[in-house]
1. Could we say that residue 237 is more than 23 Å from residue 16 (Cβ to Cβ) and touching a residue at least 40 places away in the same chain (Cβ under 8 Å) here?
2. Sort out which residues of the stretch 10-28 are surrounded by 23 or more Cβ atoms within 10 Å (Cβ to Cβ) and either modelled with pLDDT under 90 or within 15 Å of residue 66 (Cα to Cα) (or both), and write them in order of number.
3. Quick check on this structure: which one of 158, 214, 190 is more than 19 Å from the chain's Cα centre (by Cα) and at pLDDT 95 or above?
4. Got at least one residue in the stretch 39-58 being modelled with pLDDT of 90 or more and over 15 Å from residue 10 (Cα atoms)?
Amino acid sequence: MRALCATDLSAASEAAIENETCLECLGRIGVETIHLVTVVPANVHSGMPGVNFEERRQQALDQYRTVIKSAGFDVEAHIVRGTPYRRINGIAETVHADLAVVGSRGQSPLENRIIGSTARNLARTTVVPLLVNRIERATDDPEVLREHLFQRMLFATDFSEHADRAFDAFSYLRHATEEATLVHVQSPKDEGVDADASPREQLTECASTLENWDIETRIEIRHGDPADEILAAEAEVTPSTILVGSKGRSRIRRLLLGSVSEEIVAQATGNVFLVPPPRAV
């Protein structure tokens, strides 16, 4: 597997990329090659006074490369110019990445904020599964909040094809997963909808699959607003990562189904693994 790790060369990016446990988790799910990507905004130029951008950028990438190679991965670095989320998506397609990883908060000396607006834009448009890795806020020396990336998973499902696609990610995540909580939220608009099986029966079937992989599993049915209830479940269970699918509405731009997945990416305390629709042909 190939992973793309986006970095804005901030302390938050360094925390995510150089965390040994995070790297070990990526290795356990089958990642062998990591593509480091840093995007230089079009309005930043090497001749700008005050900072030697080129030297600082190269030093940081060399440092990251050394750490990642020492962890047993092949590494390729890409320095590109443009709009971060567009260039990240473009490189992900070019190198046939199996997933992308982005930190969840940070400021760069290059004024390139991968976190915040770029992470959110990636969540809306990503062409590959996206791991939003949550980093401490408001500190000069941040740490990864939940470094065992896939150890305890919270899978949220509405039993759609998009949720099923996200569940399929367990085929490789299971190699790093020990516990999983499967959640379905029934909202008022679900009333009267016919289904071949009850939500509990469908969750039990999913749980059986995970238990056959020696993953300790529990199921939970909640009632109310889906985003609110998924975030409430996260607060109670404290998983390493929430696993959720998204829906594409356009071949040009991938948009999330409603605002549920976007709210989870924006508000979750821990990591979020977002699985998008297949790439348009």
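1. Details: more than 23 Å from residue 16 (Cβ to Cβ): no; touching a residue at least 40 places away in the same chain (Cβ under 8 Å): yes.
No, not satisfied.
2. 10, 12, 13, 15, 16, 17, 23
3. Numbers: 158 fails: at pLDDT 95 or above; 190 fails: at pLDDT 95 or above.
Testing whether each residue is more than 19 Å from the chain's Cα centre (by Cα) and at pLDDT 95 or above leaves just 214.
4. We begin by selecting, within the stretch 39-58, every residue modelled with pLDDT of 90 or more; these are none.
Looking for residues that are modelled with pLDDT of 90 or more and over 15 Å from residue 10 (Cα atoms), one finds none in the stretch 39-58, hence no.
The values are calculated or read from the model by the stated rules, or taken from the named source; none is laboratory data. The structure displayed is predicted, hence computed values, not measured ones. Every residue, glycine as well, gets a Cβ built from its backbone with ideal geometry; the counts of neighbours run over all protein chains shown.
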